[in-house]
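To start, the structure itself, in C-alpha cells.
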Amino acid sequence: MSSIEEQILNIEKEIRETPYHKATEHYIGKLRAKLSKLKSKQSVSTSKKKGGGVGYAVKKQGDATVILIGPPSVGKSTLLNRLTNAKSKVAPYAFTTLTVIPGMMDYKDAKIQILDVPGLIEGAEEGKGRGREVLSVTRGADLVIVITDVERIGAISRLKNILYKNGIRINQSPPDVVIDKKLTGGIIIKTNIKQDLEKETIKTVARELGIKNAEISIKENLDMERLIDAFSMNRVYVNCIFIVNKIDEKSLNINKLRKSHGKEKLLVISAEFDKNLGKLKETIWKELNFVRVYLVRPDEEPGENNPIVIKNKKTLRDLAEIIGTEFADDKETAKIWGQGSKFPGQQVSLSTMVVEGMQVRFM
Ligand SMILES: Nc1nc2c(ncn2[C@@H]2O[C@H](COP(=O)(O)OP(=O)(O)O)[C@@H](O)[C@H]2O)c(=O)[nH]1
Ligand SMILES: [Mg+2]
C-alpha cells in the first residue's frame, strides 16, 4: 500500500491526464472525490504529528470573533493595538507574536473580539511555523481578515489558496443542498434546477464521500468543486476582507488590485498613521451581518433604549439566552414593536426571528 502522499500524486496525475468531457465527467468526479478524501486524511495525520494545536484553543468572547491572518511583520499587532484595547508587542521582526493575542473592539454597541496570531509563512498549510494552529483558530472565526503590506501584495493570493486547501470557503454561501440520510434505498437526487453535471456523476461523488442511502435535494446548479464541498463534512463558510497595510510607504493602484482579486472587499490602510481605520471598522461591522435590537424592560415604554447586538438569523429565544440563561429560563413569549411586528405590541412566540430595529419585551 502506497503512502497517502503517493496516492495523492497518482490521482492528481490521473486527473491531469484525463481530458474533461461528458463521457469522462463521471470518472473525474470519482477521482476528485477520492482526492478530497485523501487530502483531509493527510491533514489529520500531519496535525496529529504536530500535536494538533494544543494551546491554541481560544476562548470566544464578545458578540463575534475576527481573526487577522497574514505574513509576519505586515502590521497585524500594530493594527490590533489600534483597533482594540489589547497591548500586543510590536517589534520590527518576524514572529514577535508567539501565541494568540485577543483584543476587544467596541463598535456600534457590539463587542468584537479580534485575534492576532503568528504570521502564516510559506508552507503553513503543511504545518510549517504555526500554520496548523492558526488555521484551526481561523475555522472558528466569524470573519477572517487577510492582511499584507505594500511590499507583499502576492501574499493575498497565496493566503486565499491556503484557506481554500484547508476547507475554509470565503465569501460564498454553503452549497444549497439538503442531504436526508436514509437506511436503505440508495441515493435519490431531487432537483428543479438544470444541472450541468450528470446525475450519475453526482451519485458517484456522494457515494465516494461516504453517503450510501439518502434523498439529496439540490437547489443550485453545482459545479464539481461545490458538489464535493456539499458532501464534505469539514468545510466552513466565512466572510473575508483583504487589507493592504503601510500605504504610507508606497502608493498603489487600488483599482487594479481590486480587479485582480475579483469582487472581494479590499482596503488599503496605514495602521501606524491611522489611515482608513474608521472605514475598516465599518467594514468589519458590515461583514459580520449583525442586527441591532432593543430590549424593552417591563416598566419601560417601547423605544430604542437598551440596544443589543446579535448575529442575523437568530430567534428571540437565542436573544433571551444571550441576555442570560437564567433570564431565558422562565420566558415563554414576547411582545414586539417596530421592525418585524405586524402592529405595535404584537405577541409572538420565541421562535420568531429577530430583525434589525426590532423592539422586544420578554414575557
Ligand atoms: N510604515 C508603516 N509601518 C508599519 C505600519 N504598521 C506596522 N508597521 C511596522 O511594521 C513592523 C511590523 O509590525 P507588527 O505589527 O509587529 O507586524 P506583525 O508581525 O504582522 O504583527 C513594525 O516595525 C511596525 O512599526 C504602517 O501602517 N506603516
Ligand atoms: Mg505580531
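Bear in mind that the values in this text are calculations on the coordinates, not laboratory data. Since we're looking at a predicted model, the values are computed, not measured. Here the Cβ positions follow ideal geometry from the backbone for every residue, glycine too, while neighbour counts run over all protein chains shown.
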Once the Cβ-Cβ distance between Glu198 and Lys13 is put in as r, and R0 is 25 Å, what FRET efficiency do you end up with, to the nearest 0.05?
0.55
Measuring from a point 7 Å past the Cα of Lys59 along Cα-to-C-beta, which residues in segment 323-349 have an amide N at less than 20 Å?
323-326
Determine the percent antiparallel among the DSSP beta bridges restricted to the chain, to the nearest 5.
50 percent
Counting DSSP beta bridges in segment 200-322, what percent are antiparallel, to the nearest 5?
60 percent
Excluding Lys22 itself, calculate the net charge of residues whose Cβ lies under 13 Å from the Cβ of Lys22, where each Lys or Arg counts +1 and each Asp or Glu counts -1.
-3
Over 28 Å between Cα atoms: which of Lys219/Lys311; Lys182/Lys331; Lys34/Lys311; Lys39/Lys181; Lys59/Lys246; Lys281/Lys311 fall into that group?
Lys182/Lys331; Lys34/Lys311; Lys59/Lys246
For Met104 and Thr191, what does the FRET efficiency come to when R0 = 51 Å and r is the distance between their Cβ atoms, rounded to the nearest 0.05?
0.70
Treating only the Cβ atoms of Lys and Arg (+1) and Asp and Glu (-1) as charged, compute the dipole magnitude of the chain about its Cα centre; round to the nearest 20 debye.
840 debye
Diagonalise the Cα gyration tensor of segment 247-363 and give the resulting equivalent ellipsoid semi-axes, square root of 5 times each eigenvalue, largest first, whole Å.
41, 14, 13
Mean separation of Cα pairs under 8 Å and 6+ residues apart, divided by the residue count of the chain: what relative contact order is that in percent?
14 percent
Using a 7 Å offset from Cα along Cα-Cβ at Ser217, what residues in segment 156-200 end up with backbone N under 20 Å from the label point?
173-196, 199
Report the residues of segment 148-165 in range of a label on Ser3: point 7 Å along Cα→C-beta, backbone N strictly under 11 Å from it.
none
Which residue, Phe290, Ile323, Leu135, has the largest displacement toward the positive end of the dipole of the chain when charges sit on each Cβ (Lys, Arg +1; Asp, Glu -1)?
Leu135
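Any idea what the dipole of segment 99-193 comes to, in debye rounded to 20, about its Cα centre with Lys/Arg Cβ at +1 and Asp/Glu Cβ at -1?
Once rounded to the nearest 20, the dipole reads 440 debye.
Counting only other residues whose beta carbon sits under 10 Å from that of Ile336, what net charge do I get with K and R as +1, D and E as -1?
+3
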